[in-house]
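Here's the structure, in structure tokens; my notes come after.
The values are calculated or read from the model by the stated rules, or taken from the named source; none is laboratory data. None of these values were measured; they are calculated from a predicted model. Using ideal geometry, Cβ is built from the backbone for each residue, glycine included, and neighbour counts are taken over all protein chains shown.
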Amino acid sequence: MRAAEIRLPEDFKTPCYYYDLQFLDETLDAINKFSRYPDFHVHYALKANCNDKVLKRIAVKGLGADCVSGNEVKKAIETGFGADKITFAGVGKSDEEIRYALQQQIFAFNVESLEELEVIDELASELNVVANVAIRINPNVDAKTHHYITTGLDENKFGISSYDMPDVLAILKRSAHLNFVGIHFHVGSQILDLSVFKSLCVRVNEWKSWFEDRGFFLKVINVGGGLGINYQQPDGDIPDFETYFRIFNDFIERRAGQEIHFELGRAVVGQCAALITKVLYIKKGIKKNFAVVDAGMTELMRPALYQAFHKIEKLNDHSSLVLPYDIVGPICESSDVFGKEVELPILKRNDYLIIRSAGAYGEVMASKYNLRELQHFYYR
């Protein structure tokens, strides 16, 4: 998204999410261009954004889907993703969700615990089908990001522990209803230090050899996602997909016929949307200026939940005369703050602000707290 190109109808209402679908297309084209290595497959992580128009755009570009709930599997199918390109992850899959995914014949379950593997085996047997499964392993690689979105360390709740692997192998060997397709990893989110992915490749190679030494050929090596975006400088920012995909091509030791799968979310949609909000009141404190806006943590949770930074700009005003403002929402929570001491052109009632880089974990995490309503606009 490029802020200078935002065009809104005269009767638009705030708070609203503004989607730049043209920029989304450019990002998807870059992904397809730089992932053209043999047997590379990219799945889009629906948890980042499940807006129907966004999903249909991504499906048309040929990506698969990475889902973490039964409803995400349903949504993926409804918006054009083929079931044979859908992976289903998550530590808490219910029996109902597993049955539905089995009936749809999805590509694979990313299995997160020994007990989950037993449940999938049991339910697949009841339905007399075969479930493709990939075993999620914690590689114990530090993502060097916020601890809430680090998922690849030994103490995290995700993945199957190494001491459970003998039992995993025993189940896989005896079950007629489980087809072991490969291994799955995901170290975290918003990763900007690409050396993290090199470290992941080392662990992938170690685990691949471990399974092969025990007689298992791994068709699928799923390395998850995690590639971050530039929240500080969002204009025209398309992540460095060229280097990202090249790292895995260069550092993973593959045998003939082995596929590498990716599950990218934030890097796909993060920069394609902004939250637009209107200034309701200006409050002058003793040492602060407060701009009270009509968007709140109900529309964009990330600053309250992660203390996340989003660049904030005044719509169509690039004056050099600026003042520092605390940008706060209307929700009766002290955490309802989008930014503190934000340097902006002088604000007044009814001015509009753009909160950038809101395409990932923005609308999808919005709530109805205080019976709030949210609008959408799309630019093609």
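Since Gly296 meets every condition but one in (1) farther than 20 Å from Leu8 by Cα; (2) touching an Asp or Glu at 6+ places or on another chain (Cβ under 9 Å); (3) assigned to a strand (DSSP E or B), which condition does it not meet?
All conditions are met except number (3).
Please work out which residue is farthest from Gly226 (Cα to Cα), limiting yourself to the stretch 52-75 and to residues that are within 14 Å of the chain's Cα centre (by Cα) and of a type in the set (Val, Ile, Thr).
Among those that are within 14 Å of the chain's Cα centre (by Cα) and of a type in the set (Val, Ile, Thr), it is Val54.
With buried (at least 20 other Cβ atoms within 10 Å of the Cβ), assigned to a helix (DSSP H, G or I) and modelled with pLDDT of 95 or more as the only criterion, which of Glu116, Glu96, Glu122 stands out?
None of the others qualify; the one that does is Glu116.
Just to be sure before I move on: is Leu172 under 30 Å from Ala124 (Cα atoms) and either of a type in the set (D, E, K, R) or in a helix (DSSP H, G or I) (or both) in the structure I sent?
When the stated conditions are applied, Leu172 passes them.
With respect to Gln258, is the statement that it is at pLDDT 95 or above, among the polar types (S, T, N, Q) and farther than 21 Å from Phe40 by Cβ true?
Here the answer is no, as Gln258 does not meet what is asked.
For the stretch 360-378, indicate whether the set of residues that are in contact (Cβ under 8 Å) with a residue 40 or more places away in the chain, among the hydroxyl-bearing types (Ser, Thr, Tyr), buried (at least 16 other Cβ atoms within 10 Å of the Cβ) and in contact with a Ser or Thr (Cβ under 8 Å, 6 or more places away or on another chain) is non-empty.
no
Would you please list the contacts, defined by Cβ atoms under 6 Å and residues six or more apart or on different chains, that run from a residue in the stretch 163-178 that is buried (at least 16 other Cβ atoms within 10 Å of the Cβ) to a residue that is assigned to a loop (DSSP other than H, G, I, E, B)?
Matching pairs, first to second residue: His177/Val130.
If Lys278 satisfies every condition in (1) in contact with a Ser or Thr (Cβ under 8 Å, 6 or more places away or on another chain); (2) in the same structural domain as Leu63 (by TED's automatic domain parsing) but one, which is the exception?
(2)
For the stretch 201-222, what are the residues that are farther than 16 Å from Gln258 by Cβ and among the hydrophobic types (A, V, I, L, M, F, W, C)?
Within the stretch 201-222, just Val202 meets the criteria.
Residue by residue through the stretch 125-138, note down the ones that are assigned to a helix (DSSP H, G or I) and either under 22 Å from Phe158 (Cα atoms) or among the acidic types (Asp, Glu) (or both).
If the condition is that a residue be assigned to a helix (DSSP H, G or I) and either under 22 Å from Phe158 (Cα atoms) or among the acidic types (Asp, Glu) (or both), then Glu126 is the only one that fits.
For the list (1) buried (at least 24 other Cβ atoms within 10 Å of the Cβ); (2) among the basic types (Lys, Arg); (3) free of Cβ contacts under 8 Å to residues at least 40 places away in the same chain, I need the number of the one condition that Lys283 fails.
Among (1) buried (at least 24 other Cβ atoms within 10 Å of the Cβ); (2) among the basic types (Lys, Arg); (3) free of Cβ contacts under 8 Å to residues at least 40 places away in the same chain, the lone unmet condition for Lys283 is (1).
Identify, please: which residue in the stretch 199-233 is among the polar types (S, T, N, Q) and in a helix (DSSP H, G or I) and is, among those, nearest to Tyr244 (Cα to Cα)?
My answer is Ser199.
Under the condition of being of a type in the set (Ser, Thr, Tyr) and under 19 Å from Gly82 (Cβ atoms), which residue from the stretch 29-51 is nearest to the chain's Cα centre (by Cα)?
The extreme case among them is Tyr44.
Of everything in the stretch 79-92 that's in a helix (DSSP H, G or I) and touching a residue at least 24 places away in the same chain (Cβ under 8 Å), which residue is nearest to the chain's Cα centre (by Cα)?
Lys85
Kindly indicate whether Lys348 is part of a strand (DSSP E or B), at pLDDT 95 or above and exposed (fewer than 14 other Cβ atoms within 10 Å of the Cβ).
Against the criterion (part of a strand (DSSP E or B), at pLDDT 95 or above and exposed (fewer than 14 other Cβ atoms within 10 Å of the Cβ)), Lys348 does not qualify.
Of the numbered conditions (1) surrounded by fewer than 16 Cβ atoms within 10 Å (Cβ to Cβ); (2) of a type outside the set (Gly, Ala, Ser); (3) within 22 Å of Arg57 (Cα to Cα), Lys85 satisfies every one except a single condition; which is it?
(1)
Can you find even one residue in the stretch 241-259 that is in the same structural domain as Val129 (by TED's automatic domain parsing), crowded, with 22+ Cβ neighbours inside 10 Å and either among the basic types (Lys, Arg) or in contact with a Gly (Cβ under 8 Å, 6 or more places away or on another chain) (or both)?
No.
Just need a number here: residues in the stretch 5-31 that are without any contact (Cβ under 8 Å) to a residue 60 or more places away in the chain and surrounded by fewer than 14 Cβ atoms within 10 Å (Cβ to Cβ).
3
Name the residues in the stretch 300-339 that are of a type in the set (Phe, Trp, Tyr) and within 23 Å of Leu8 (Cβ to Cβ), would you?
Passing the criteria: Tyr325, Phe338.
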